[in-house]
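The structure appears below as structure tokens.
Every number in this text was worked out from the coordinates using simple rules, so none of it is lab data. The model shown is predicted, which means the values in this text are computed figures rather than measured ones. For neighbour counting, all protein chains shown are included, and Cβ atoms are generated from backbone atoms with ideal geometry for every residue, glycine included.
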Amino acid sequence: MQLVASALVLAVALLATVAWSVSADPIDLRATEDTTICDSNTEEDLANALGDGLYVGVTGRDLERRALVKFNVTDVPNPDGIQNVTFVLYERSNPKDQPANISLHRVLQEWHEGMSFFPGGACAPSSSIDASWNYSVVNQTRWQAPGGSFVATPSVLTEVGKDTAFYTWSGDGLIDDVKFWVANPEQNFGWILLNNQEGARSVKSFASRQAADAEDIPRLIIGYDLAPSPPPGNPDGSSSDKTVIIAVVVSLGAVAIIGVVVMYTVKKRSRGPQPQQLAADDYGL
């Protein structure tokens, strides 16, 4: 009897979970700002904000490139329900490319895309609102360290090959970042991309948000569940009579099935060897 009672409680709990958990369609976002910041080994401020590429790695002249990317995540309605986050970039092939581990780090200072532009992977003098290697906002605010202020531990790392293809980054680190930004929108400064391959000529080229093909623009895909809501019923959240009846019928049905299983098990166990009936001679009579 105790087993049946426990089964009833479990059936009701499962019914509530199955009936009223709601998964939403993933949110598919495009980058709102992106730029490449360029090391010049001098105090010269260089960047490439409006070019069609993002560059990450070390050039043949031993000068490093890093990319900054930002998304607006304020439309995520239930940050606690986020199940997965995927960052997508399109790599443009280069005959000299080698596989490299590209990591994403959460940025800690405000920056902007600016107006700098140069075709290809080179950099141009920064405008007054650009981010550069030395400044988060040129001539106004310096990075805490040259090359950007960011969390040292990567949120995620992915190996990028040498072929033209879409590459994805996903994991708990990205989920934590997005949840943090939803809760603290004033601290949403996006990610910085670092190339962890050592040596010159390691630059990876990705399509930026200025790419000619809209499908190649950096994307952020967020899968989530909606916030728990009261069972369908009355406007005040109380269950209607119909809802209660359905819940009771389903629960009783589950209990009936479990009851049959229990009875079958008990009956099967009772079918053991029967006590041997002794003859009168066995008692010495």
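Where does each of 104-117, 193-206, 125-138 land if you order them by average Cβ count within 10 Å, highest first?
Top of the packing list down: 125-138, 104-117, 193-206.
Please give me the summed charge of the neighbours of Thr32: other residues whose Cβ is under 9 Å from its Cβ, Lys and Arg +1, Asp and Glu -1.
0
Please work out how much length the chain gains when fully extended from Asn184 to Ala145, using 0.36 nm per residue of separation minus the C-alpha to C-alpha distance, in nm with one decimal.
Extra length from Asn184 to Ala145 when fully extended: 11.7 nm.
Efficiency by 1/(1 + (r/R0)^6): what FRET value for Ala152 and Met115, r their Cβ-Cβ distance, R0 = 30 Å, to the nearest 0.05?
After rounding to 0.05, the efficiency reads 0.50.
Can you pull the one-decimal nm distance between simple spin-label points at Asp80 and Ala165, each 7 Å off the Cα toward Cβ?
3.9 nm
If r is the Cβ-Cβ distance from Ser23 to Glu198 and R0 is 45 Å, what FRET efficiency results, to the nearest 0.05?
The value I calculate is 0.55.
Please compute the contact order of segment 27-224 in relative form: average sequence separation of alpha-carbon pairs under 8 Å and at least six residues apart, divided by the residue count, as a percent.
Value for segment 27-224: 38 percent.
In units of 2.2 N^0.38 Å, what is the alpha-carbon radius of gyration of segment 27-224?
0.95
Identify the residues of segment 89-126 with backbone N under 19 Å of a label point that sits 7 angstrom from the Cα of Asn72 along the Cα-to-Cβ direction, or state none.
From segment 89-126, the list is 110-115.
Pull out the extension gain between Glu44 and Asp213, defined as 0.36 nm times the separation in residues minus the alpha carbon to alpha carbon distance; nm, one decimal.
Taking Glu44 through Asp213 to full extension adds about 57.6 nm, to one decimal.
R0 = 30 Å: FRET efficiency of Asp172 with Arg61, Cβ-based, nearest 0.05?
My answer for the efficiency is 0.20.
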